[in-house]
Amino acid sequence: MRWCGIGEEIEYTETVVRELECIASSNSKTCYTIESKRDSISIHKTFYQHDQNSVATTTLKITITSDNMLNISRYENSQLVTQLSIDINNVLFDDYIIELFNAYYVDEVKIFLENLQRLIIYLIRSKVFKDF
Amino acid sequence: MQEVKKLECFDSEDRDKICYEMKVHNNTVEIYKIYSDDNVTLLLKLEFTSDDTLKVSLVEKKNNKVTKYFGEVIAKQLSIYKLIEELKAVENLQHLKSVLNGIIWKITWHVDDLFKYFIIY
């Protein structure tokens, strides 16, 4: 909900799916998709292994709740495996999430996730356990 | 049943005296850092639930009222039972710092788990 109309030119009111590139090796390929909804943005990774005829999916789902909690869930084949929520009050999170909204290449998603990971660890160390 | 543990007091460079206290409930541990000169207390609250979730929050209190909110983190599927029991058994400040550091590292690894191997080439 929070990122409806984020920036001046983007307005996501419906689900938007954007397929990024696939990375292939001799017997497998990994494809990435970004799915933007009204209240969340998910990055799906699908791994195809040709010789075993198998498919595995991993999803990172990012949500911001109305009380300013950033929620990140990781799903492996649709099963929730790990989840973290952190208060992002006073953080200009739009500056971060806009990078993901605008991403068209896996490299851009990688940079976004690295920055997000750093931000979360910073918040844990410098806010939640500050000076304790 | 609530248990209050007075851990340690010491004089700080810029403030009169700082004391650490802990209150241990069933699933919650409250750690108080009390600045005696101006009656300000920092409260670090760690709540554990049976579904393997840890919630940590930090607030500043003065005269029993919350005067500042620093932040909060909730981690699920954390597998932290051992550290919880160790935290409940803390008897001195050095031990407290060591266990809290363990919890911070555990949450940091949890963040790593969240993102690991997502982008690979």
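The values are calculated or read from the model by the stated rules, or taken from the named source; none is laboratory data. Not measured: the values here are computed from a predicted model. With ideal geometry, Cβ positions are generated from the backbone for all residues, glycine too; neighbour counts draw on all protein chains shown. Keep in mind that these areas ignore ligands, DNA and RNA; they rest on the heavy atoms of the full protein, side chains included. Shrake-Rupley method; radii C 1.70, N 1.55, O 1.52, S 1.80 Å.
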Among the listed residues B:47, B:72, which satisfies the condition of being modelled with pLDDT under 90, of a type outside the set (A, V, I, L, M, F, W, C), open to solvent by 10 Å² or more (accessible area, probe 1.4 Å) and part of a strand (DSSP E or B)? B:72
Can you name the condition, by its number, that residue B:78 falls short on among (1) within 14 Å of chain A (Cβ to nearest Cβ); (2) outside any loop (DSSP other than H, G, I, E, B); (3) open to solvent by less than 20 Å² (accessible area, probe 1.4 Å); (4) in contact with a helix residue (DSSP H, G or I) (Cβ under 8 Å, 6 or more places away or on another chain)? (2)
Among the residues of the range A:57-112, write down those that are on the phi > 0 side of the Ramachandran plot and among the small types (Gly, Ala, Ser). A:78
Working only within the range A:72-84, note down all residues that are facing chain B (nearest Cβ under 10 Å) and surrounded by fewer than 16 Cβ atoms within 10 Å (Cβ to Cβ). A:80, A:81
Filtering the range A:22-67 for residues that are of a type outside the set (A, V, I, L, M, F, W, C), closer than 30 Å to residue A:89 by Cα and more than 10 Å from every other protein chain (Cβ to nearest Cβ) leaves a count of 13
Since residue B:86 meets every condition but one in (1) over 19 Å from residue A:125 (Cα atoms); (2) more than 8 Å from every other protein chain (Cβ to nearest Cβ); (3) out of contact with any Gly (no Cβ under 9 Å at 6 or more places or on another chain), which condition does it not meet? (3)
Return yes or no: is residue B:87 in a helix (DSSP H, G or I) and in contact (Cβ under 8 Å) with a residue 60 or more places away in the chain? no
A careful count of residues in the range A:85-112 that are open to solvent by less than 10 Å² (accessible area, probe 1.4 Å), at the interface with chain B (Cβ under 8 Å from one of its Cβ atoms) and in contact with a helix residue (DSSP H, G or I) (Cβ under 8 Å, 6 or more places away or on another chain) gives 2
